[in-house]
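What follows is a single structure, written as structure tokens, with notes after it.
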Amino acid sequence: MPELPEVEITARRLDDALRGAVVESALTPGINALRTFDPPLHAIEGRAIEGVRRRGKHVVLDVEGDLALLAHLMSAGRLQLFDKRASLRDRTSRLLVRIADGRELRLREFGTRQAAWVKLLHAAELEADEALATLGPDAWPDPPALGELLGEHGARPLHAVLRDQRVIAGIGRSWVDEILWTARLSPFKRGDDLDDEDASTLRAAMVSCLGGALEHYERVVTLPIPDKLPMPLLVHRRHGEPCPSCGTTLEAVHYEDYVMSYCPTDQTEGRILKDRRLSRLLK
Ligand SMILES: [Zn+2]
């Protein structure tokens, strides 16, 4: 669930709170989320955190001594900063960074999947790491012109190509629905089939949806960063409810582990797209 706006607000809050703070110790309890072994995790002990920032949907902690801790929260991870240390029995903890003043930065992961990961890298290796080296340009605040960018990636539906981090970085299953609804484009329109007006409308919708979410989070999100962020979604997972723009009942297509929501009137010329879950039930 954490996508560009959720990761950006996390990085901003942590940057404000942790810049200059000294790491006392770091550990990875339970399932080891650490994907690297050199330098070892204890290399950050005794060193100051120089800043926290976002790249795509990743968080980067820059640590004194030219070290960088790169984290991906995947679908159910959170980075949270607490005033006190966690019980080691907290089964959601994947990484604990204990600060010398008693605070604790925790990477926690909810649900059954264990997918969130962390890498400790030398700063010089960071941009070459495959997680960052393969990222497309950020979807916010200033994405490139989309006609050419999406055109290069062939006949893929917008709903898929906009979530491909190698094409454009930061958008996932929630915000793609909001962006396409705002742009009044069908999720199944092909990425290489946008005219100039479609492409500029889509780009504007991307900037306004992601930027609007971030403005919302600036008002409501405080440390330690809540388990569940109050995502200001108007369409995603709201199928069955009236479209906030035209009042038509929002529809959805269900996939194995996610759902795509849309407004038939605004996006698909009134057509209801085939819902695979429904058609499977009818077989
Ligand atoms: Zn509508």
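If the elastic network links every pair of Cα atoms under 10 Å, which of Leu214, Leu233, Leu121 fluctuates the most in the Gaussian network model of the chain? Comparing Leu214, Leu233, Leu121 in the GNM, the peak value goes to Leu233. With the simple model of a label 7 Å out from the Cα in the direction of the Cβ, Gln114 to Ser245 spans 4.3 nm. Among beta bridges identified by DSSP and lying wholly in the chain, the antiparallel ones come to about 95 percent. With the helix formula -39500 (n - 2.57) applied to DSSP H stretches of n ≥ 4, the chain reaches a computed 222 nm mean residue ellipticity of -8000 deg cm²/dmol. Per-residue Karplus couplings for segment 20-35, computed as 6.51 cos²θ - 1.76 cosθ + 1.60 with θ equal to phi - 60°, are listed in order as x, 6, 9, 7, 8, 7, 9, 8, 10, x, x, 5, 7, 8, 7, 9 Hz, Gly and Pro entered as x. Any chance you could give the angle, 0 to 90 degrees and rounded to 10, that helix 4-18 forms with the longest Cα principal axis of the chain? That works out to roughly 20 degrees. Listed values for segment 193-199 are Karplus-derived 3J(HN,Hα) couplings in whole Hz (6.51 cos²θ - 1.76 cosθ + 1.60, θ = phi - 60°), namely 10, 9, 7, 4, 5, 4, 5, and x replaces Gly and Pro. When +1 charges are put on Lys and Arg Cβ atoms and -1 charges on Asp and Glu Cβ atoms, the dipole computed for the chain relative to its Cα centre reaches about 1380 debye.
The residues neighbouring Val221, those whose beta-carbon lies less than 15 Å from its own, together hold a net charge of -2 under the Lys/Arg +1, Asp/Glu -1 convention. Compute the helix-to-body angle for 173-183: its Cα long axis versus the longest principal axis of the chain, expressed 0 to 90° and rounded to tens. Relative to the chain, helix 173-183 is tipped by roughly 40 degrees.
Read-outs: derived from the displayed coordinates by stated rules, not from any lab. All of these numbers come straight from a predicted model, not from anything done at the bench. We place every Cβ from the backbone using ideal geometry, glycine too, and count neighbours over all the protein chains shown.
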